[in-house]
Amino acid sequence: MKIIFLDIDGVIATEESSTMKWHDEFSYPFDATCVSILNRILKKTSAEIVLTSDWRRAFNNDLEALNLLFKHNGVIKSPIDVTTDFGKDRNKEISEYIYKHSDKISSFLIFDDMDLKIHSLRFIRTNINEGLKQKGVEEKAIEILNSKMKYFVNSIESKVLK
């Protein structure tokens, strides 16, 4: 299985879209262009989404509620899971998820606007103002997810788990 570890703010919700009026009480507006790019990536790679965003807390890790949020914003796939909350330590959260599910993961990619310290070859840092609209992001993501490059958890990333 191919996994996209997905943050929302700064990736599919840009600074501009965050100022838009909410659709209703649960529907935080995503950037429509970023959603189109994410949808193309999902189609071309058959990847699944694991949510790393702080928004998982706002939705109490409720995949059904997150499904509504994603569908309402036009995303063609909803998160299949969320990472464990280690108090804003995404490095540890993602490493722990990969470690626990390594037998099922064939490839993965991390999208975030924060500067993460793990899996640099599989990490695309986005700008909060552009998100996935940044030049070259779509192509790079598809290349990473469809690559035959085997991932591994190196000793530095293993220490993050401790």
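The values are calculated or read from the model by the stated rules, or taken from the named source; none is laboratory data. The structure displayed is predicted, hence computed values, not measured ones. Neighbour counts are summed over all protein chains in view; Cβ atoms, including those assigned to glycine, are modelled from backbone coordinates with ideal geometry.
Numbers for the structure displayed
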quantity: Residues (under 19 Å from GLY10 (Cα atoms) and acidic (Asp, Glu)) located in the range 38-94; calculated: ASP54, ASP89, GLU93
quantity: Test for LYS43: is it within 15 Å of ILE124 (Cβ to Cβ), at pLDDT 95 or above and charged (D, E, K, R); calculated: no
quantity: Pick from the range 115-142, criterion loosely packed, with under 14 Cβ neighbours inside 10 Å and at pLDDT below 95, ranking: farthest from GLU48 (Cα to Cα); calculated: ASN129
